[in-house]
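The structure appears below as structure tokens.
The values are calculated or read from the model by the stated rules, or taken from the named source; none is laboratory data. Please read these numbers as outputs of a predicted model, since none were measured by experiment. Cβ atoms come from the backbone with ideal geometry, glycine included; neighbour counts cover every protein chain shown. We work out accessible area using only protein heavy atoms, side chains counted, and drop any ligands, DNA or RNA first. Shrake-Rupley method; radii C 1.70, N 1.55, O 1.52, S 1.80 Å.
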Amino acid sequence: MAAGQLFSRTTQALFYNYKQLPIQRMLDFDFLCGRERPSVAGIINPGSEGFQKLFFGQEEIAIPVHADIEAACAAHPTADVFINFASFRSAAASSMTALKQPTTRVVAIIAEGVPESDTKQLIAYARANNKVVIGPATVGGIQAGSFKIGDTAGTIDNIIQCKLYRPGSVGFVSKSGGMSNELYNTIARVTDGIYEGIAIGGDVFPGSTLSDHVLRFNNIPQVKMVVVLGELGGRDEYSLVEALKQGKVIKPVVAWVSGTCARLFKSEVQFGHAGAKSGSDMESAQAKNQALKEAGAVVPTSYEDFEAAIKQTFDKLVGEGKIAPIKEFTPPPIPEDLNIAIKSGKVRSPTHIISTISDDRGEEPCYAGVPMSTIIENGYGVGDVISLLWFKRSLPRYCTQFIEMCVMLCADHGPCVSGAHNSIVTARAGKDLVSCLVSGLLTIGPRFGGAIDDAARYFKDAYDRNLTPYEFVESMKKKGIRVPGIGHRIKNRDNKDKRVELLQKFARTHFPSVKYMEYAVEVENYTLTKANNLVLNVDGAIGSLFLDLLAGSGMFTKQEVDEIVWIGYLNGLFVLARSIGLIGHTFDQKRLKQPLYRHPWEDVLYTK
């Protein structure tokens, strides 16, 4: 391990298993220290994606949430610290996954009770790959004025009292997280504060040892002295004894091993941590304290004298001119949360909506970051605007032309289809435009214009699984599912839909690849052997070709393509297009002043 400083003011972390309070405490610490950007780059919440709203000072920010570790590391390559709040059951597996990511440098495991065999594997892998594990059973660590892990150092009030918002001159390492908070306070009272503090964790096999961190502190110029708090049980402290004897640590070390009271008990006693029990005389607190003292560490006679020993060592360094006075400053106040602010009169209010596609706060509105003036000046069309607002990127011109073709070709299909019929009837009832439009739109579904997404899903799944048209169609038949995008009430083999032909011609001319469309055509050739009207309809054509657009443009990942189809983007094209026709039918009926519609009784079969 050795090397030097673990964290800095630019360090960013990925937080595994969303916990609101420790993340907010990290962000509050960032603000207190005057960091320019938050230390939490992303949150990993298995199975969930999106954004989580939190505060960075007075400003509310949206932190990305990822479903798995690999995706988070790929999205945030500069986040090299992994803070694992998983339970002891899954902490080892998730930590190993994180360690195997090339971007991960430090892993902090908060859970206690992680199986020792799993911890040993983590330690071996980390050491072999020059990575650092803090924990298990740790509260984490802190770089004063720069970065902290989770709940380290507790509340903001405690952090301010311990002067952790700016760096001091003391390197501190302990097994206990709770005692770390106590020592931060003690050190702040008698010195200029800590520079870095680490709680290695109380399990029998910590990922990194006391001596690992002391040797690191020895390499950090800003650290002038080291304070160590050990505990009875195990032999970790003896590695520090050897380092002191061999002269590997040249800075003053003030140390105390707690648990001297264990000898007062007649039988072996477990003190909180899994590793805090003495199995032999060498593992007793007295033996360790004596060994550290003989190796050259400053060891007080009792814990009560620990503070005085720290002060004496620090004052000596100041007297020798090795520590210069630190200029104090008042850190910025942290806004209080609502439940507290109600009483004090200071309030910060969360937003209720997250928007990533447009922004109207500047001099002019922006679509996906593109100013309105740029859209007009560059001659963008409706397809370009759809690409910005729906896909959050500027697609190539052939893509936006295809989108515009879909809108034009699907705008209307006559007054007899269900959507137009509903809008016409509603218009003749004297209803307003929106009511007429909605009445027509509500008919869109799997039987009318809403099969584009399903067509894309099934064609993609079949093609990606290398199913032949025969295997695909027959498997759908066995499931009792009609193939979406195949079949028409009017069109047939000898009278194919002209809209489908126009879309296919455009795609073959401009698309880099039309593999999904060609597969849909092969499916059509097979279904036509069964019935003359089982042709590829406009839903199937748009669905398959949009897959080719997304896959062939090179601007979408496989995950993004799946998400677009799942959310319903493709049906959105039909909804958008057909709205034009439905509005037209509404205006047409109102312009013609058509009376209330009553369906003719001779067109109804009355039966018992």
Quick one: which residues, 5+ away or cross-chain, put their amide H under 5 Å from the amide H of ILE44? H built at 1.01 Å from N. PHE15, TYR16, ASN17, HIS66
Taking 224-231, 194-201, 68-75, 328-335 and ranking on average Cβ neighbours within 10 Å, highest first, one gets 194-201, 224-231, 68-75, 328-335
Among the listed pairs LYS100/LYS251; LYS460/LYS530; LYS19/LYS558; LYS163/LYS251; LYS163/LYS224, those beyond 25 Å (Cα-Cα): LYS100/LYS251; LYS19/LYS558
Of all accessible heavy-atom area on the chain, the percent that carbon and sulfur account for (1.4 Å): 55
With Cα atoms, 0 to 90° folded angle of helix 236-245 axis to the chain main axis: 60
The chain: calculated mean residue ellipticity at 222 nm from DSSP helix runs of at least 4, using -39500 (n - 2.57): -13000 deg cm²/dmol
Global form of the range 175-247, assessed from the alpha-carbon gyration tensor, a/c cut-off 1.5: oblate
Spin-label model distance (nm) - LYS293 vs SER87, 7 Å beyond Cα toward Cβ: 4.6
Shape call for the chain, from the Cα gyration tensor axes a ≥ b ≥ c (a/c under 1.5 means rounded, otherwise prolate when a/b beats b/c, else oblate), comes out prolate
Within straight-line cross-link reach of LYS479, aspartates and glutamates at Cα separation under 20 Å, skipping those fewer than 8 residues along the same chain: ASP453, ASP454, ASP461, ASP464, GLU471, GLU524
Simple spin-label estimate for LEU442/THR374, 7 Å along Cα→Cβ, in nm, reads 4.1
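Based on Cβ point charges of +1 for Lys and Arg and -1 for Asp and Glu, what charge dipole magnitude is obtained for the range 170-223 about its Cα centre, in debye rounded to the nearest 20? Provide the component values of the computation, followed by the final result.
Working: 3 positive and 5 negative charges, 11 e Å.
I would put it at about 60 debye.
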In whole Å, what is the distance between the alpha-carbon centres of the range 216-244 and the range 465-488? 68
DSSP beta bridges in the range 12-320: the antiparallel percent, rounded to 5, is 25
Mind listing the long-range amide H neighbours of ILE61? Cut-off is under 5 Å, sequence gap 5 or more, other chains count too, H placed in the peptide plane at 1.01 Å from N. LEU54, PHE55, PHE56
Tell me, what HN-Hα J-couplings in whole Hz come from the Karplus equation 6.51 cos²θ - 1.76 cosθ + 1.60 at θ = phi - 60° for each residue of the range 591-601, using x for Gly and Pro? 5, 7, 6, 6, x, 4, 7, 10, 6, x, 5
Can you work out the accessible area per residue across the range 358-401, with the rest of the protein chains kept in place, probe 1.4 Å, in square angstrom? 57
Only Cα pairs under 8 Å and at least 6 apart count here; give the relative contact order of the chain as a rounded whole percent. 9
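So which trypsin sites (Lys or Arg not before Pro) in the range 336-388 pass both tests, a DSSP loop state and at most 10 other Cβ atoms within 10 Å of the Cβ?
ARG361
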Taking 0.36 nm per intervening residue step and subtracting the Cα-Cα distance, what contour gain separates ILE250 from LYS120 on full extension? 43.8 nm
Between the helical axis of 538-552 and the dominant principal axis of the chain, each derived from Cα atoms, what acute angle in degrees is found, rounded to the nearest 10? 40
With a cut-off of 13 Å, note down the residues of the range 491-517 whose backbone N falls inside the zone around a label point 7 Å from the Cα of CYS416 toward its beta carbon. 491
Whole-Hz Karplus couplings 3J(HN,Hα) for the range 518-531, θ = phi - 60° and coefficients 6.51, -1.76, 1.60, Gly and Pro as x, run 4, 5, 4, 5, 5, 5, 4, 4, 6, 5, 5, 6, 9, 7
Restricted to the chain, the DSSP antiparallel beta bridge percent, nearest 5, is 35
Once you treat every alpha carbon in the range 411-592 as an equal point and sum by Debye, what is log10 I(q)/I(0) at q = 0.10, 0.14 Å⁻¹? -0.43, -0.79
Contour excess over end-to-end distance, with Cα ends at TYR303 and ARG591 and 0.36 nm allotted per residue: 94.4 nm
Using modelled backbone amide H atoms (1.01 Å from N, in-plane), which distant-in-sequence or interchain residues come within less than 5 Å of TYR195's amide H? GLY168, SER169, VAL170, GLY171, PHE172
Output the 0 to 90 degree angle, nearest 10, between the alpha-carbon long axis of helix 469-479 and the longest principal axis computed from the alpha carbons of the chain. 80
Semi-axes, largest first, in whole Å: what does sqrt of 5 times each Cα gyration tensor eigenvalue give for the range 361-483? 33, 27, 12
Note, the range 162-179: 3J(HN,Hα) by Karplus (6.51, -1.76, 1.60, θ = phi - 60°), whole Hz, Gly/Pro = x, goes 8, 6, 7, 7, 8, x, x, 10, 10, x, 10, 9, 8, 7, 8, x, x, 6
